[in-house]
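Before any comments, here is the structure.
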Amino acid sequence: MLRTLQLENLCSTVQLDGRQALLDVNNHQPRHKEEGEADIRSLKLYRAVVMGDSRGLRTFLKRNYIDVDVFYSVKREELQCPLCIAAAQGFKECLQYLLEHGAHPNLNAGGKAAIHEACANANTECAELLLEHGANPNQLTEDGLTPLHLCRTPQSLRCAKALVRHGARVDLPSEEEEELPLHVAARHGLTKHAQLYLRYGAHINHTSCSGETPLGVACVEAHEKMGGQEDQLCHIQLCCLLLTYGANVNLADKEHRTPLHKAARSVQISLVQLLLDHGADVNAIDYNGCSPLSVVLQSSVVRQERQPHVVVQTLLNRGSIKVWPQALLKVLTACAAAPKTVEVLLNSYNDVPVTSKWVEAIPEDIFHVGGELYRTFYESLFALENKPRSLQHLCRSTVRKHLGKYCYLFVPQLPLPMMLQEYLLLEPKGYIS
């Protein structure tokens, strides 16, 4: 049987010391005349490309015959080739001269081809030049990624556009994670990239090997990049786009976590509201038996700056099943440092089984941290031991039970003062009665 030799197997490899390779090559002392001349030419080629010396490279290539498809092993690290170096650094003129001199556009050095380097570094002109000279827009890296998978920054949008114009497949998954470029765009909050891929036919509900959809990825990753108002708006826009194109809002991953679970865990109120408005199941249960309400309670103390009580309030007003009453002591212990969250949750019950154990569950240092506000709330809570709730609260519970999952919709339409509407919607007041 005939065996096909890969181009990479035919290329020579030159061992270099990174620092010495950039010194004056005229001082290089060859061991043998022929090998020395070849080494000197390789060093000159390397030096010109690394320095971006396009004029020197052009002159050198005109005066010397040299195979530009050569590998450099610098300090015995991963292999490099002139074309990949030029593409990574954005040296377009050097890239042009190398291609004109016969450099193969799909040569794979160190697990990547030049088109991968150009896209990873958002060097659009280099990417376009490579594609015009026959670079494969769907070539895989050693890790099984296409050039589109490496378009991970806003600056790489033009690279992505050039790739799809030249036939890049937006539905080609990565080999290991089985993610589409759309997953990558969702992970990095790249709305314009996502729009491009969707316009070219990306599968909106494609699942990775872990069961993640692009929408699920966006909800997981969004909170990691919540650096400011602009970041928040960017991720909300991305999720809106995915939902507009038909993303399944209730498609769960292999842990049975829906996008709403992920948004609730990271306490993203705008995203929670968006998902609920698009039909998210407020009572979906994950592999650990947790609902979205349960996961936001677990995050309430560590993410207080994001106002977890508002997420709890929103979920309850949309019909979330409440925590089993016998488990409230456990919730109180875990959420003691987030009294607003505790208040909203407890006000969703007709009655709360306050006992002396509840008093013991609150660490004394909580009052040192929260001061008088914390003390006022917990004193009002402990005063309910063996006592019924107020008539006003019981009336609230009756109205809420009647409206059910439509509290958020119908309460604002009731002919009541704003203060009473807020009361019905569980707005915290700093005490409980």
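Could you give the nm distance between label points at Glu422 and Asn250, where each point is 7 Å from its Cα heading toward the beta carbon?
3.5
Can you give me the three principal axis dimensions of the chain from its C-alpha atoms, in Å, biggest first?
100, 46, 45
With a 10 Å cut-off between alpha carbons and a GNM built on the chain, which of Leu260, Leu238, Leu420 moves the most?
Maximum among the listed residues: Leu420.
Would you compute, from DSSP H runs of 4+ residues alone, the mean residue ellipticity of the chain at 222 nm, taking -39500 (n - 2.57) per run and dividing by the full residue count, rounded to the nearest 500?
One gets -14000 deg cm²/dmol as the mean residue ellipticity at 222 nm.
Give me the dipole magnitude in Debye, nearest 20, for the chain about the Cα centre, with unit charges on the beta carbon: positive for Lys and Arg, negative for Asp and Glu.
900
Along the charge dipole of the range 353-433, pointing to its positive end and built from +1/-1 on Cβ of Lys, Arg, Asp and Glu, which listed residue (Ala383, His393, Cys407) has its Cα farthest out?
Cys407
Which one of Leu414, Leu157, Leu198 has the biggest mean-square fluctuation once the chain is modelled by GNM with Cα springs under 10 Å?
Leu414
Amide H of Val74: which non-local residues (sequence gap of 5 or more, or other chain) have their own amide H closer than 5 Å, using H built in the peptide plane?
When sequence neighbours closer than 5 places are left aside, the close amide H contacts are Leu16, Gln80.
Sort out the exposed loop chymotrypsin sites (Phe, Trp or Tyr not before Pro) in the chain (DSSP loop, at most 11 other Cβ within 10 Å) and tell me the longest stretch that has none.
Within the chain, the longest run free of exposed chymotrypsin sites (Phe, Trp or Tyr not before Pro) spans 66-286.
Among Val331, Gln307, Ser320, which residue has its Cα furthest toward the positive end of the charge dipole of the range 304-353, with +1 on Lys/Arg Cβ and -1 on Asp/Glu Cβ?
Farthest towards the positive end: Ser320.
Using the Cβ atoms and a cut-off under 11 Å, what net charge is assigned to the surroundings of Leu145, where Lys and Arg are +1 and Asp and Glu are -1?
Here the charged neighbours net out to -4.
When the convex hull of the Cα atoms of the range 163-269 is projected onto a plane and the area is averaged over all directions, what value comes out in nm²?
About 6.5 nm², averaged over all directions.
Taking the alpha-carbon distance from Lys62 and a cut-off under 20 Å, which lysines remain once sequence neighbours fewer than 8 residues away in the same chain are dropped?
Lys44, Lys92
Could you calculate the FRET efficiency of Arg199 with Ile66 from 1/(1 + (r/R0)^6), where r is the beta carbon distance between them and R0 is 45 Å, rounded to 0.05?
E between Arg199 and Ile66, to the nearest 0.05, is 0.55.
Quick check: convex hull over the Cα atoms of the range 223-381, volume per residue in Å³, rounded to an integer?
Hull volume normalised by residue count: 116 Å³.
Given 10 Å bins starting at zero, what is the percent of C-alpha pairs of the range 87-169 in each, up to the one with the largest pair distance?
Taking all Cα pairs of the range 87-169, the binned fractions are 21, 59, 20, 0 percent.
Per residue, how big is the convex hull of the range 325-433 when only Cα atoms are used? Give it in Å³.
Roughly 103 Å³ of hull volume per residue.
Show me the helices of the chain, taken as full DSSP H stretches, that run 20 Å or more along their long axis by Cα and average -1.0 or above in Kyte-Doolittle hydropathy.
Long hydrophobic helices here: 33-50, 229-244.
Please tell me which of these pairs span more than 18 angstrom C-alpha to C-alpha: Lys161/Lys192; Lys340/Lys405; Lys112/Lys161; Lys322/Lys405?
In this structure, Lys340/Lys405; Lys112/Lys161 exceed 18 Å between Cα atoms.
Using only alpha carbon pairs under 8 Å that are at least six residues apart, calculate the relative contact order of the range 49-140 and give it in whole percent.
27
Computed from the coordinates by the stated procedures, all read-outs in this text should not be read as laboratory data. Remember, it's a predicted structure, so these values are computed and weren't measured experimentally. Here the Cβ is made from the backbone with ideal geometry for all residues, glycine too, and neighbour counts use every protein chain on show.
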